[in-house]
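The values are calculated or read from the model by the stated rules, or taken from the named source; none is laboratory data. Everything quoted here is computed from the prediction, not taken from an experiment. Cβ atoms come from the backbone with ideal geometry, glycine included; neighbour counts cover every protein chain shown. Surface accessibility is based on the protein's heavy atoms, side chains included, excluding ligands, DNA and RNA. Shrake-Rupley method; radii C 1.70, N 1.55, O 1.52, S 1.80 Å.
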Amino acid sequence: MTHSPPHDGSGSQNRGTKLSVETRLATRGRRPFAHSGFVNIPTHRGSTVLYETYADLKNPERKAEKSPDGRVYTYGRRGSPTITALEDALADLEDAERVFLTPSGLSAISTVLFALANAGDHILVTDSTYQPARTFCDNQLRRFGVETEYYDPLIGGGIADLIRPNTRLVYTESPGSQTFEIQDLSPIAAAAKARGVLVVTDNTWATPLFFRPFDFGADVTINAGTKYVVGHADALLGVIAARGSAVQAIHQCHGDLGVSVGPDDVTLALRGLRTMTVRLERHQASAIRFAEWLETRTEIERVIHPALPSHPQHALWKTYFTGSTGLFSAVLKPQPEGAVAALFDALNVFGMGFSWGGYESLAVPFDCAESRTATEADLGGQGIRFHIGLEDPADLMADFEAALDRMRAFSEAA
Ligand SMILES: *Cc1c(COP(=O)(O)O)cnc(C)c1O
């Protein structure tokens with residue numbers, strides 16, 4: 001093993017003691033003196049990994065003894081020092097037993113569900129889930145004899161009534177996609193635990209910085225690293241963090257499916273991780289400022305932002321979350337579609353596009369009435385999902401104000 005001097009900036013001397021999250025993000029997943037002192041870990045590109053001797057090939061543990069990070073690398077698909085660095089940093093951040101990386105947030109969801117659900121199982125999924133997760137359940141899990149039942153995101157401890165003898169897991173996402181319902185995770189997890197049912201949480205919105213699902217009873221968390229970990233809209237990545245009995249099942253399935261991630265994407269995610277606290281503070285502050293301004297506009301029916309007192313589960317949000325991020329929704333008062341189009345086409349600083357979590361602000365129209373089955377999701381007007389980036393909020397308000405003027409002008413002319 002390479003010696004680890006106390007001044008290597010990796011915080012390795014403090015392993016076991018609790019450094020603050022900012023310090024952990026700046027230090028974890030680094031071993032400068034294992035690669036000539038360079039601060040960042042190199043991007044290991046590779047499929048084949050060579051064994052020095054026949055004995056090493058037959059007994060990989062011998063290889064581990066020679067490896068700078070003490071890990072065994074056998075083949076590119078099964079990991080590399082670059083991948084391990086990101087997994088270690090994220091496992092430390094999440095307080096997870098293991099972290100697994102996947103090529104996208106959706107593949108993290110599909111890998112977890114495929115790993116944990118067996119033929120004949122019943123799973124409970126929140127009605128407010130990210131829509132492609134729903135599509136995966138309806139199209140793929142169904143093919144393998146897994147029954148998905150959607151539940152009201154506000155069900156809380158009432159989930160107990162839906163748990164059957166063959167229920168395998170409860171899938172949660174808080175806040176919900178597009179509509180931002182806050183789930184009462186503790187009673188959900190307590191009801192699940194009492195029946196031996198696993199709890200999975202998609203924590204993409206809050207990130208581990210602002211919500212820690214393991215502290216409230218989750219067994220597995222999923223993050224679309226594409227969003228705030230990468231943070232620059234230049235790569236896709238999925239993160240699975242697990243504890244307890246779920247670890248082995250996910251490890252096996254992740255390997256069997258041949259899920260692997262590209263080294264450049266991992267490097268971009270490691271870079272994003274280092275600045276995540278600073279970026280999220282700004283996303284949070286600017287989004288709240290923009291959302292509060294939006295609440296004063298007469299064209300807006302309502303703003304749906306969990307950190308605002310107007311949010312129906314604001315009190316619940318405060319008990320679970322230590323912060324908010326850049327993503328929230330608003331509903332326009334009823335408008336002809338042409339007026340809505342005029343608004344979006346007038347945007348100049350805001351971009352119009354899917355995904356979020358980068359430094360840039362986005363606004364997209366959404367409609368969830370079609371996809372919900374357990375709950376009524378008629379918004380009463382056109383939904384707009386905002387992602388507030390790192391621009392000056394004053395410029396964003398001016399941009400959106402001009403777009404609202406164009407919308408009004410269209411309506412008045414019609
Ligand atoms: C974007 C998103 C995902 C999927 O991530 P991709 O990397 O785009 O596949 C999953 N869950 C939530 C809540 C998301 O917002």
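With the requirement that a residue be surrounded by fewer than 17 Cβ atoms within 10 Å (Cβ to Cβ), out of contact with any His (no Cβ under 8 Å at 6 or more places or on another chain) and not hydroxyl-bearing (Ser, Thr, Tyr), what does segment 166-192 give you?
Once the filter is applied, which keeps residues that are surrounded by fewer than 17 Cβ atoms within 10 Å (Cβ to Cβ), out of contact with any His (no Cβ under 8 Å at 6 or more places or on another chain) and not hydroxyl-bearing (Ser, Thr, Tyr), segment 166-192 yields only Ala190.
Looking at segment 336-352, is at least one residue without any contact (Cβ under 8 Å) to a residue 40 or more places away in the chain, in a loop (DSSP other than H, G, I, E, B) and either more than 16 Å from the ligand (Cβ to nearest atom) or closer than 26 Å to Asp234 by Cα (or both)?
yes
Counting residues that are closer than 22 Å to Phe386 by Cβ and assigned by TED's automatic domain parsing to the domain that holds Ala117, which helices (runs of 4 or more DSSP H) fully inside segment 202-286 reach at least 2?
Numbers: elements: 207-210, 246-257, 263-274.
The helices (runs of 4 or more DSSP H) meeting that bar are 207-210.
Which pairs do you get when a residue that is under 16 Å from Ser80 (Cβ atoms) and modelled with pLDDT of 90 or more, found in segment 50-67, comes within reach of a residue that is surrounded by 11 or more Cβ atoms within 10 Å (Cβ to Cβ) and of a type in the set (A, V, I, L, M, F, W, C), reach meaning Cβ atoms under 8 angstrom, with the pair 6+ apart or on two chains?
Here the result reads Tyr51/Leu57, each pair linking segment 50-67 to a residue that is surrounded by 11 or more Cβ atoms within 10 Å (Cβ to Cβ) and of a type in the set (A, V, I, L, M, F, W, C).
How about segment 234-262: which of its residues are open to solvent by 20 Å² or more (accessible area, probe 1.4 Å) and within 11 Å of the ligand (Cβ to nearest atom)?
Within segment 234-262, just Leu236 meets the criteria.
Filtering segment 193-217 down to residues that are open to solvent by less than 10 Å² (accessible area, probe 1.4 Å) and hydrophobic (A, V, I, L, M, F, W, C), which residue is farthest from the ligand (Cβ to nearest atom)?
By that ranking, first place goes to Val197.
Looking at Ile159, Ile163, can you tell me which residue is among the hydrophobic types (A, V, I, L, M, F, W, C), more than 16 Å from the ligand (Cβ to nearest atom) and either without any contact (Cβ under 8 Å) to a residue 24 or more places away in the chain or surrounded by 24 or more Cβ atoms within 10 Å (Cβ to Cβ) (or both)?
None of the other options fit; the residue is Ile159.
Would you point out the residue of segment 108-131, among those that are under 13 Å from Gly176 (Cα atoms) and open to solvent by 40 Å² or more (accessible area, probe 1.4 Å), that is nearest to the ligand (Cβ to nearest atom)?
This residue is Tyr130.
Looking only at segment 294-316, count how many residues are under 14 Å from Leu332 (Cα atoms) and either assigned to a helix (DSSP H, G or I) or out of contact with any strand residue (DSSP E or B) (no Cβ under 8 Å at 6 or more places or on another chain) (or both).
Counting residues in segment 294-316 that are under 14 Å from Leu332 (Cα atoms) and either assigned to a helix (DSSP H, G or I) or out of contact with any strand residue (DSSP E or B) (no Cβ under 8 Å at 6 or more places or on another chain) (or both) gives 5.
Of all the residues that make up segment 302-315, how many are over 20 Å from the mean Cα position of the chain (by Cα) and buried (at least 17 other Cβ atoms within 10 Å of the Cβ)?
Residues in segment 302-315 being over 20 Å from the mean Cα position of the chain (by Cα) and buried (at least 17 other Cβ atoms within 10 Å of the Cβ): 5 in total.
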